[in-house]
Amino acid sequence: MELFSSEVREEIDRWVAKYPAEWRQSAVMAALRIVQDANGGWLTTALMDDVAAYLDMAPIAVYEVATFYSMYELKPVGKHKICICTNVSCMINNSDRIVEHLEKRLGIGLGQTTEDGRFTLKEVECLGACGGAPMMQIGRQYYENLTPEIVDSILDGLE
């Protein structure tokens, strides 16, 4: 029995089609993202095993991808996952001040989720927006040149 829906399989197939047939496994990162999104933002071992079977890969190869990249979650996360960059450019532009503000505002630390399940706060490495440091990502949206006031405005605008 497959754990993901026909809609998820169709979306994965669109990515698989971008590669030569013998390179089907090249779609693993997209497949993991698609399955994760369909599962409320996180991956179970069973879902990763299903991705492995669907792409004809060894399960360990899928686990390696899922544990290496910070965009994959192996435990439940809040409705809004806030990824705050603390790498060099963000750090020298006071990302620590943004982290402290988020922790105080949300009442959680890095790696934690609010009791109501609305927010997860995650420290990440460079997100490639160094020119707009400090920055964070929520969902697929980047927010740059952050100040505590801008962060409050962003959070207030989330449902």
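The values are calculated or read from the model by the stated rules, or taken from the named source; none is laboratory data. Model, not experiment: these values are computed from the prediction. Glycine also receives a Cβ, built like all others from the backbone with ideal geometry; neighbour counts cover every protein chain displayed.
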(1) among the hydroxyl-bearing types (Ser, Thr, Tyr); (2) touching a Gly at 6+ places or on another chain (Cβ under 8 Å); (3) surrounded by fewer than 16 Cβ atoms within 10 Å (Cβ to Cβ) all hold for residue 67 apart from (2)
For residues that are in contact (Cβ under 8 Å) with a residue 24 or more places away in the chain, surrounded by 18 or more Cβ atoms within 10 Å (Cβ to Cβ) and assigned to a helix (DSSP H, G or I), tally how many sit in segment 34-50.
-> 5
For segment 94-107, pairs from a residue that is assigned by TED's automatic domain parsing to the domain that holds residue 123 to a residue that is in a helix (DSSP H, G or I) and surrounded by 16 or more Cβ atoms within 10 Å (Cβ to Cβ), with Cβ under 7 Å and 6 or more apart or across chains, are 98/151; 101/151; 102/151; 105/155
Here the residues within segment 128-155 that are closer than 22 Å to residue 40 by Cα and of a type outside the set (Ser, Thr, Tyr) are 136, 137, 138, 139, 140, 141, 154, 155
How many residues does segment 11-22 hold that are modelled with pLDDT of 95 or more, loosely packed, with under 15 Cβ neighbours inside 10 Å and among the hydrophobic types (A, V, I, L, M, F, W, C)?
-> 1
Show the residue pairs that are 6+ apart or on different chains and have beta-carbon atoms under 9 Å apart, the first residue being within segment 116-140 and polar (S, T, N, Q), the second being exposed (fewer than 13 other Cβ atoms within 10 Å of the Cβ).
-> 120/111
Please enumerate the residues belonging to segment 11-33 that are over 26 Å from residue 80 (Cα atoms), without any contact (Cβ under 8 Å) to a residue 24 or more places away in the chain and assigned to a helix (DSSP H, G or I).
-> 13, 14, 21, 22, 23, 26
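Using the structure shown, decide if residue 84 is over 18 Å from the mean Cα position of the chain (by Cα) and either surrounded by fewer than 16 Cβ atoms within 10 Å (Cβ to Cβ) or at pLDDT 95 or above (or both).
In short, no.
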Restricting attention to segment 102-159, and to residues there that are over 25 Å from residue 74 (Cα atoms) and among the β-branched types (Val, Ile, Thr), which single residue is surrounded by the most Cβ atoms within 10 Å (Cβ to Cβ)?
-> 151
Restricting segment 37-59 to residues that are over 25 Å from residue 21 (Cα atoms) and among the β-branched types (Val, Ile, Thr), the one nearest to the chain's Cα centre (by Cα) turns out to be 44
Checked against (1) surrounded by fewer than 17 Cβ atoms within 10 Å (Cβ to Cβ); (2) among the aromatic types (Phe, Trp, Tyr); (3) outside any helix (DSSP H, G or I), residue 72 satisfies every condition except (1)
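State yes or no: is residue 62 of a type outside the set (Gly, Ala, Ser), closer than 30 Å to residue 21 by Cα and under 18 Å from the mean Cα position of the chain (by Cα)? Explain how you work it out, then say what you get.
On the way: of a type outside the set (Gly, Ala, Ser): yes; closer than 30 Å to residue 21 by Cα: yes; under 18 Å from the mean Cα position of the chain (by Cα): yes.
Here the answer is yes, as residue 62 does meet what is asked.
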